[in-house]
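J.: Below you'll find the structure I mean.
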Amino acid sequence: MKTAARAAAEAGADGIVAINSFGPCLGVDVETGRLLMGSREGYGWLSGPALKPLALRCVFDIARAVDLPIIGVGGISKGTDAIEFFMVGASAVGICTAAILKGPRIFGRVAREIEKWLDDHGYASVEEVRGLAIRRWEEWAFRTAHVPPILDVDACTGCGLCEASCVYDAIHVVEKKAVLTPEKCYGCGLCVTRCPVRALSIAG
Ligand SMILES: Cc1cc2nc3c(=O)[nH]c(=O)nc-3n(C[C@H](O)[C@H](O)[C@H](O)COP(=O)(O)O)c2cc1C
Ligand code: SF4
Ligand code: SF4
């Protein structure tokens, strides 16, 4: 990805649109046993929400490799999806699948959601969030020793999602509050990603 981006820059590109759909992929209609797509091999190409993490990684890599405007595309259907792309270095975003599925009004809705999100978070413009995740990543002190998450007991709703996700049996809900057993915890962070109310966090 970085090599291709640098080659595009050296060849005089004014900007980069990333990414396209990904594939080939396959799907099966289990009622008929037929492949879902109509190409000769039965292949199709992935787009929409499942593509977003791959697209974000590509934009992140391109933004760190070249100093060109990037239009981020892949799985955007709401304002915060677009904000993610801005944070990894995109200057603008594109939407295809969500417009096909929900109609062209999606463009105005996502634009309004971006504006509202920026207002709500005290940002004056997209420029202020552009590349933020890259700067945070540069500042990040990567650690190799594990630490247990920090639990905000007051914020915990006792939903149990952390308990369900911990394969180390290190966190349990007792009397509607999560209880962590640090000696059992491997610091994998999975429970942190599952908590819907951000009651769990990892230091740093
Ligand atoms: C039905 C469909 C047709 C597409 N046709 C093209 C195309 O002709 N040329 C192209 O560069 N990308 C094409 N794409 C890829 C989109 O431009 C876009 O890069 C990709 O779908 C990821 O964005 P999305 O998740 O918002 O759809 C197509 C995507 C879909 C779903
Ligand atoms: S960080 Fe990992 S090991 Fe520790 S409690 Fe959470 S899910 Fe379990
Ligand atoms: S996932 Fe979060 S809110 Fe739910 S029980 Fe665990 S810590 Fe509490």
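Just so you know, all these numbers are worked out from the coordinates, no wet-lab data involved. This is a predicted model, so every value here is computed, not measured. Cβ placement follows ideal geometry from the backbone for every residue including glycine, while neighbour counts extend to all protein chains displayed.
J.: Could you tell me what % of all Cα pairs in region 49-127 have separations over 19 Å?
T.: Cα-Cα pairs in region 49-127 separated by more than 19 Å: 34 percent.
J.: Please report the net charge: other residues with Cβ closer than 13 Å to the Cβ of Ser125, K and R +1, D and E -1.
T.: Summing Lys/Arg as +1 and Asp/Glu as -1 gives -3.
J.: Would you mind computing, in nm to one decimal, how far apart the modelled labels at Leu35 and Glu10 are, each placed 7 Å from Cα along Cα→Cβ?
T.: In this crude label model, Leu35 to Glu10 measures out at 3.7 nm.
J.: Something else now. Reachable lysines from Lys116, Cα under 28 Å, same-chain residues fewer than 8 places away excluded?
T.: Here the lysines satisfying the reach criterion relative to Lys116 are Lys52, Lys78, Lys102.
J.: Restricting to DSSP H runs of at least four residues, report the calculated mean residue ellipticity at 222 nm for the chain, -39500 (n - 2.57) per run over all residues, nearest 500 deg cm²/dmol.
T.: Rounded to the nearest 500, the figure is -10000 deg cm²/dmol.
J.: Next up: Highest first, please rank the peptides 72-78, 154-160 by the mean number of other Cβ atoms sitting within 10 Å of their residues.
T.: Per-residue mean Cβ counts within 10 Å order the peptides as 72-78, 154-160.
J.: Quick one: compute a quarter of the convex hull surface over the Cα atoms of region 2-139 and quote it in nm².
T.: So the Cα hull casts an average projection of 10.8 nm².
J.: Tell me, how many Å apart are the Cα centres for region 87-166 and for region 23-42?
T.: With region 87-166 and region 23-42 each reduced to a Cα centre, they are spaced 34 Å.
J.: Spit out the partnerless Cys residues in the chain, using Cβ distances under 4.7 Å as the pairing rule.
T.: Within the chain, the cysteines lacking a partner Cβ under 4.7 Å are Cys25, Cys58, Cys96, Cys156, Cys159, Cys166, Cys185, Cys188, Cys195.
J.: Name the lysines eligible as straight-distance cross-link partners of Lys184: C-alpha to C-alpha under 30 Å, and not fewer than 8 places from it in the same chain.
T.: In chain and number order, the partners are Lys176.
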